[in-house]
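Below is one structure, written out as structure tokens; comments come after it.
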Amino acid sequence: MLVDGVVRSNVVAGQDVHHQWGGVVPELASRAHQEHIVPVVHRALQEACMTKEQLSGIAFTQGPGLMGALLVGTCFARSMAQSLGVPLLAVDHVKGHVLAHFIQDGTPRPIPAFPFLNLTVSGGHTQLVLVRGPLDMEIIGTTLDDAAGEAFDKGAKILGLPYPGGPEIDRQGQGGDRKSFALPYPQVPDYDMSFSGIKSAFRNTVVNGSAKDPEFVAANLKNLCASLEGHIVDVLLRKLAKAGRALGVPRIAISGGVSANGALRAAVRALAQREGWECFIPPFAYCTDNAAMIAMAGHFMYAEKRFADLDTVPVTRF
Ligand code: KG4
Ligand code: ZN
């Protein structure tokens with residue numbers, strides 16, 4: 001719940017079921033959404049000390065994502081907006097990640113001026129975005145294959161680590177030598193990126209090492225994690241630096257689940273310091289998927305009266 005752009009509550013229901021299967025199973029995700037949506041909305045209202053009649057709009061994720069899960073949120077939001085007689089705000093999840101920089105929650109934090117350059121890195125997306133205004137964004141670069149978060153998750157799976165792999169690699173790689181296993185740099189023009197070749201090379205390293213020594217992964221876990229993490233961060237940083245210099249935008253920012261990564265956060269801060277740029281990184285709670293960022297996007301859309309029709313349908317890809 002957001003009041004005048006300030007968070008009153010931000011309830012996140014995790015889905016433990018995906019641990020068991022080593023990834024997101026679409027049918028289980030939508031069933032978990034169904035189970036959680038009523039209790040989550042109830043708790044969000046309770047924690048905000050508000051009644052639903054006090055709400056002035058309902059923001060929801062229209063997409064992109066898995067159809068089953070999106071349908072649950074869309075149907076619920078449409079019904080709630082209709083029954084309360086308030087506007088419906090259909091949010092693009094990936095833009096929501098960018099607008100996480102504007103969330104205020106009582107802890108003073110600078111917000112970026114426009115324009116700024118945002119690197120959005122999540123489990124499904126990797127985008128370099130020129131943000132000219134809250135509702136004026138241009139994607140100037142994107143991954144041609146896997147997302148950065150996917151590279152972390154798949155790398156972790158290769159190592160036998162649980163899902164989601166990003167936080168595991170982050171933890172296990174601490175203190176490791178990121179130069180111990182060399183990985184390739186994809187040759188991708190402009191501001192686009194690619195991670196599937198890195199994942200394949202990483203798999204080959206693990207398969208070949210394990211063929212010679214069955215204890216290879218256990219013996220080298222720290223260095224393997226640090227090498228994969230360091231390499232993904234390096235690939236992201238090169239493109240962010242290139243775009244920042246070419247566009248002459250003195251403000252860089254990161255958001256999305258992977259922006260919780262310790263090495264990436266440190267590298268982006270160091271880059272900004274070297275170049276004399278301002279740097280914006282959301283607190284952890286607003287990096288990974290959260291309700292506040294969707295409400296924040298809804299807040300900006302409300303101000304511009306960008307209301308959605310009550311028969312709005314989910315969109316799996318924009
Ligand atoms: O934004 P998000 O919560 O959900 C999507 O929209 O996809 O991002 C989830 C992704 C997963 O791939 C997860 O492994 C990654 O973010 N992630 C991390 C870290 N925390 C989450 N990757 C690297 N280091 C982390 N600390
Ligand atoms: Zn996300």
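Worth a mention:
- Scanning the range 98-110 for residues that are over 19 Å from Leu271 (Cα atoms) and within 16 Å of ligand 1 (Cβ to nearest atom) returns Val98, Leu99, Ala100, Ile103.
- Qualifying positions in the range 266-314 - within 27 Å of Ser30 (Cα to Cα), of a type outside the set (S, T, N, Q) and open to solvent by 40 Å² or more (accessible area, probe 1.4 Å): Phe284, Ala285, Asp289, Ala291, His299, Phe307, Asp309, Leu310, Asp311, Val313
- Selection status of Ala13, out of contact with any Asp or Glu (no Cβ under 8 Å at 6 or more places or on another chain) and assigned to a loop (DSSP other than H, G, I, E, B): yes
- Close Cβ contacts (under 7 Å, 6 or more residues apart or on different chains) running from residues in the range 175-194 that are among the aromatic types (Phe, Trp, Tyr) to residues that are open to solvent by 90 Å² or more (accessible area, probe 1.4 Å) comprise Tyr191/Lys242.
- Residues (surrounded by fewer than 16 Cβ atoms within 10 Å (Cβ to Cβ) and in contact (Cβ under 8 Å) with a residue 40 or more places away in the chain) located in the range 195-220: Ser196, Arg203
So that you can scan it fast, the table gives a plain yes or no per residue for (1) open to solvent by 20 Å² or more (accessible area, probe 1.4 Å); (2) within 16 Å of ligand 1 (Cβ to nearest atom); (3) more than 30 Å from Pro189 (Cα to Cα); (4) out of contact with any strand residue (DSSP E or B) (no Cβ under 6 Å at 6 or more places or on another chain):
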{"position": "Leu55", "(1), (2), (3), (4)": "yes, no, yes, yes"}
{"position": "Gly63", "(1), (2), (3), (4)": "no, yes, no, yes"}
{"position": "Pro87", "(1), (2), (3), (4)": "yes, no, yes, yes"}
{"position": "Pro112", "(1), (2), (3), (4)": "no, no, no, no"}
{"position": "Leu117", "(1), (2), (3), (4)": "no, no, no, no"}
{"position": "His125", "(1), (2), (3), (4)": "yes, yes, no, yes"}
{"position": "Ile140", "(1), (2), (3), (4)": "yes, no, no, no"}
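- The helices (runs of 4 or more DSSP H) falling completely within the range 24-118 that include 3 or more residues that are within 21 Å of Pro134 (Cβ to Cβ) and not assigned by TED's automatic domain parsing to the domain that holds Gly165 map to 93-99.
- Residues (within 16 Å of ligand 2 (Cβ to nearest atom) and either among the basic types (Lys, Arg) or not in a helix (DSSP H, G or I) (or both)) located in the range 271-299: Ile281, Pro282, Pro283, Cys287, Thr288, Asp289, Asn290
- Gln46 vs. criteria at pLDDT 95 or above, open to solvent by 30 Å² or more (accessible area, probe 1.4 Å) and out of contact with any Leu (no Cβ under 7 Å at 6 or more places or on another chain): yes
- Checked against (1) farther than 29 Å from Ala303 by Cα; (2) away from ligand 1 (no atom under 16 Å from the Cβ); (3) of a type in the set (Lys, Arg), Lys157 meets all criteria but (2).
- Pairs where the first residue, in the range 104-129, is over 21 Å from Val7 (Cβ atoms) and polar (S, T, N, Q) and the second is within 13 Å of ligand 2 (Cβ to nearest atom) and assigned to a strand (DSSP E or B), C-beta under 6 Å, 6+ apart: Gln127/Thr120
- Complete set of residues in the range 142-162 that are surrounded by fewer than 21 Cβ atoms within 10 Å (Cβ to Cβ), of a type outside the set (Val, Ile, Thr) and touching a His at 6+ places or on another chain (Cβ under 9 Å): Pro162
- The range 127-142: number of residues that are touching a Phe, Trp or Tyr at 6+ places or on another chain (Cβ under 6 Å) and either within 14 Å of ligand 2 (Cβ to nearest atom) or assigned to a strand (DSSP E or B) (or both): 6
- Some residue of the range 302-313 being within 13 Å of ligand 2 (Cβ to nearest atom) and closer than 20 Å to Asp136 by Cβ: no
- Qualifying positions in the range 218-237 - among the β-branched types (Val, Ile, Thr) and touching a helix residue (DSSP H, G or I) at 6+ places or on another chain (Cβ under 6 Å): Ile232, Val233
- Across the range 221-251, the qualifying residues are those that are of a type in the set (D, E, K, R) and over 16 Å from Gly175 (Cβ atoms), and the one among them that is surrounded by the most Cβ atoms within 10 Å (Cβ to Cβ) is Lys239.
The values are calculated or read from the model by the stated rules, or taken from the named source; none is laboratory data. It should be emphasised that the depicted structure is a prediction, and the values quoted were computed from it without experimental measurement. All Cβ positions, even for glycine, are placed from backbone atoms using ideal geometry, and neighbour counts span all protein chains on display. Each accessible area value is taken on the protein alone, full model and side chains, heavy atoms only, with ligands, DNA and RNA left out. Shrake-Rupley method; radii C 1.70, N 1.55, O 1.52, S 1.80 Å.
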